[in-house]
1. Look through segment 173-196, keep the residues that are surrounded by fewer than 18 Cβ atoms within 10 Å (Cβ to Cβ) and not in a helix (DSSP H, G or I), and return whichever of them is nearest to the ligand (Cβ to nearest atom).
2. Yes or no: residue 200 within 11 Å of the ligand (Cβ to nearest atom) and part of a strand (DSSP E or B)?
3. On the given criteria, is residue 222 open to solvent by 10 Å² or more (accessible area, probe 1.4 Å) and of a type in the set (Phe, Trp, Tyr)?
4. Out of all the residues in segment 19-46, which are within 13 Å of residue 267 (Cβ to Cβ), open to solvent by 40 Å² or more (accessible area, probe 1.4 Å) and either in a loop (DSSP other than H, G, I, E, B) or modelled with pLDDT under 95 (or both)?
5. What are the residues in segment 156-172 that are open to solvent by less than 10 Å² (accessible area, probe 1.4 Å) and more than 18 Å from the chain's Cα centre (by Cα), if any?
6. Just the residues that are touching a His at 6+ places or on another chain (Cβ under 8 Å) and either of a type in the set (A, V, I, L, M) or farther than 15 Å from residue 122 by Cα (or both), please, taken from segment 165-199.
7. Note down all Cβ pairs under 9 Å where the first residue falls in segment 196-216 and is within 24 Å of residue 254 (Cβ to Cβ), the second is of a type in the set (Phe, Trp, Tyr), and they're at least six residues apart or on different chains.
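The values are calculated or read from the model by the stated rules, or taken from the named source; none is laboratory data. None of the values given here were measured: they were computed from a predicted structure. All Cβ positions, glycine included, derive from the backbone under ideal geometry; neighbour counts span all protein chains shown. Protein only, heavy atoms only, side chains kept; ligands, DNA and RNA dropped before computing areas. Shrake-Rupley method; radii C 1.70, N 1.55, O 1.52, S 1.80 Å.
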Amino acid sequence: MTRSIRVAAAQLGPVARDESRSSVVARLVGLLGSAADRGAELVVFPELALTSFFPRWWVDPLSEADHWYESEMPGPQTRPLFEEAARRKVGFFLGYAELTGDGHRYNTAVLVDREARIVAKFRKVHIPGHERFEARRPFQHLERYYFEPGPDGFEVHDFLGAKVGMMICNDRRWPETYRVMGLQGVELILCGYNTPVHYAPDPSQDALAGFHNHLVMQAGAYQNGTWVVATAKGGIEEGVDSLAQSAIIAPSGQIVAQALTNADEVIVADCDLDWCDNYKKTLFDFERYRRPECYGLIAAAPERTHDERQQPEESRSR
Ligand code: CDV
């Protein structure tokens, strides 16, 4: 008997700065219902799905940004999504801004089972952007002001009969992300993203945003023999055009489903998990063919610590 999961990517169009949580959650509930109507067992929502992509704005002091974060999950406003998921027996991946009880801020996703229980949490590892307001930019990308890097790395979980991993947005650009999960036998990687089409540090990349998005995920899927399901928050959000093109990618590296719009849209595919072995047991039989003794530099600890790589403490205000 083949092992297969029907997975949906539930893309969101723009979320306005003043859109209420209950309005966004109602949109998520609608998308989850559409996915369930099409037989999906698992729905993947975007990164920071509950709010506008707020790192585009500089808010100082940071405590005045607390309303963008969730201090409990589910909380009163997100509970309707969990209730609907339990009613429809659909699992989901949901990205949101997390504020922990002891004051840490993470760009987080939860993995929720078909009874609406949180079974795993992932905190974004690679935090892109900058730490302080930069006047030269048409809009900010202050993720490094709003979030700490996730300390837990890339774990793989037994979920719905599959080996499932998670990553968030910029994580998808790094080969190490996929390989760390590949070494744990991952068969299905879930991802949410917000990718502004304009990249201020090098605008020559703007025209390539869609190409790079699929390039990295197709390569990661193929080189590790895994499915990748990646969901955007796309469209023109508060004046900033963000990439849509949500995609479901097979272990062959082929895109088997892709969003056609930059608005709320559900795409669905049957992910045959046994297809992973076509790659894991042939070209990418890690046991047989990898040469880790030749790759030492990749995992070597840097000479500087993470904190030393940050901007000087006096230029930050937390
Ligand atoms: N939300 C993100 O992580 N966005 C980044 C930026 C750098 C565009 C991305 O890699 O898509």
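1. The qualifying residue nearest to the ligand (Cβ to nearest atom) is 174.
2. Values: within 11 Å of the ligand (Cβ to nearest atom): yes; part of a strand (DSSP E or B): no.
No; evaluated as a whole, the condition is false for this residue.
3. Details: open to solvent by 10 Å² or more (accessible area, probe 1.4 Å): yes; of a type in the set (Phe, Trp, Tyr): yes.
Considered against the rule, which asks whether it is open to solvent by 10 Å² or more (accessible area, probe 1.4 Å) and of a type in the set (Phe, Trp, Tyr), residue 222 comes out as yes.
4. Within segment 19-46, 38 is the sole residue that qualifies.
5. If the condition is that a residue be open to solvent by less than 10 Å² (accessible area, probe 1.4 Å) and more than 18 Å from the chain's Cα centre (by Cα), then 162 is the only one that fits.
6. From segment 165-199, those touching a His at 6+ places or on another chain (Cβ under 8 Å) are 165, 170-171, 173-174, 177, 196; that's our starting set.
173, 174, 196 - these are the residues of segment 165-199 that are touching a His at 6+ places or on another chain (Cβ under 8 Å) and either of a type in the set (A, V, I, L, M) or farther than 15 Å from residue 122 by Cα (or both).
7. From residues that are within 24 Å of residue 254 (Cβ to Cβ), the pairs are 209/199; 213/193; 216/174; 216/178.
Let's see how each residue does on (1) under 27 Å from residue 159 (Cα atoms); (2) within 14 Å of the ligand (Cβ to nearest atom); (3) among the hydrophobic types (A, V, I, L, M, F, W, C); (4) open to solvent by 50 Å² or more (accessible area, probe 1.4 Å):
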{"position": "87", "(1), (2), (3), (4)": "yes, no, no, yes"}
{"position": "90", "(1), (2), (3), (4)": "yes, no, yes, no"}
{"position": "96", "(1), (2), (3), (4)": "yes, yes, no, no"}
{"position": "101", "(1), (2), (3), (4)": "no, no, no, yes"}
{"position": "112", "(1), (2), (3), (4)": "yes, no, yes, no"}
{"position": "121", "(1), (2), (3), (4)": "yes, no, no, yes"}
{"position": "125", "(1), (2), (3), (4)": "yes, yes, yes, no"}
{"position": "137", "(1), (2), (3), (4)": "no, yes, no, no"}
{"position": "143", "(1), (2), (3), (4)": "no, yes, no, no"}
